[in-house]
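The values are calculated or read from the model by the stated rules, or taken from the named source; none is laboratory data. Not measured: the values here are computed from a predicted model. All Cβ positions, glycine included, derive from the backbone under ideal geometry; neighbour counts span all protein chains shown.
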Amino acid sequence: MNAPGKFSLRAGVLAAGRGERLQTQLNRLKPLVKVGDQTLIEHVLHSMSDAGATEVVVIINEDSLAVRDHVAELKWPFALSWIVETTPTSMHSFLRLVETLAADGDEGPFLLSTVDTVAGAQTFARFIAEARQLEEAVLTLALTSPGDDEKPLYVRTVREDSRVIAIGEAAAPSEYATAGVYAVRASVLREAEAARREGIDALRTFLGRLLDRGYQLAGIPIPESIDVDRPADIGTAEALLRSASV
């Protein structure tokens, strides 16, 4: 049972992608690529722990059982469960996580992250604490600088507050892009079946659809984070972690 004033926090990790660039060049599954002395999956799970997660669900594809085996050898301060499913796209993985986290009627917000997002200590904790205050937002995006991301998902917000007013090409150019971390309320599932029927197969397109349909999205800038997608990103992420620990 949570102490008075404390919230339970359910969280999810998106780790079902192929990560073919890293896997091909480093000959290992993307979630098991090491940044410093920890794998990517360990980094994100520690970030979830720092945020106070009480339950974490990780979705992996059927060729990534070694990821589950690796994580099972470690101890975590939260209940950990797995979805093993080869989903066609990130949108399908995202919705499967939200459906699982909301299965017993929990409305969220849930804390979700891609497995390749590396951020400093307490970044996830501060993000979810702020996102909880935005009760009208069905989905809150952690925002960072686009940097040299090959395909940044640009986001534009109202300067006076956190409301997202444009996303994707409609927001370009922008000082902000998504950082791969989300606070998601179960109400996004109202659009899940319709999006699937319409053949939407990209998470970025689904997020744009939510905005077009009149749902309130919010954006919260976070300290620098790194999307580890290429071998060169590993050194950048390690430098970020060293600077964040000073």
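Within segment 112-128, residues that are in contact (Cβ under 8 Å) with a residue 24 or more places away in the chain sit with their Cβ atoms under 7 Å from residues that are of a type in the set (D, E) and part of a strand (DSSP E or B), at 6+ positions apart or across chains, in these pairs: D116/D227; T117/D227.
Are any residues in segment 93-116 surrounded by fewer than 19 Cβ atoms within 10 Å (Cβ to Cβ) and closer than 18 Å to E62 by Cβ, and if so, which ones?
To start, the set of residues in segment 93-116 that are surrounded by fewer than 19 Cβ atoms within 10 Å (Cβ to Cβ) comprises 99-100, 103-107.
Hit for segment 93-116 is T100, nothing else.
Of all the residues in segment 161-191, those that are within 24 Å of T123 (Cβ to Cβ) and not small (G, A, S) number 12.
Looking only at residues in segment 135-144 that are β-branched (V, I, T) and not in a loop (DSSP other than H, G, I, E, B), the one that is modelled with the highest pLDDT is T140.
Look at segment 16-42: where a residue is under 13 Å from S64 (Cα atoms) and at pLDDT below 95 and a partner is crowded, with 21+ Cβ neighbours inside 10 Å and of a type in the set (K, R), sitting 6+ places away or on another chain with Cβ atoms under 9 Å, you get G17/K30; R18/K30; G19/K30; E20/K30; Q23/K30.
With the structure loaded, tell me whether G147 is closer than 18 Å to V228 by Cβ, assigned to a loop (DSSP other than H, G, I, E, B) and not polar (S, T, N, Q) or whether it fails that test. So G147 passes the test.
Note on segment 118-157: residues that are closer than 23 Å to L95 by Cβ and over 13 Å from the mean Cα position of the chain (by Cα) total 12.
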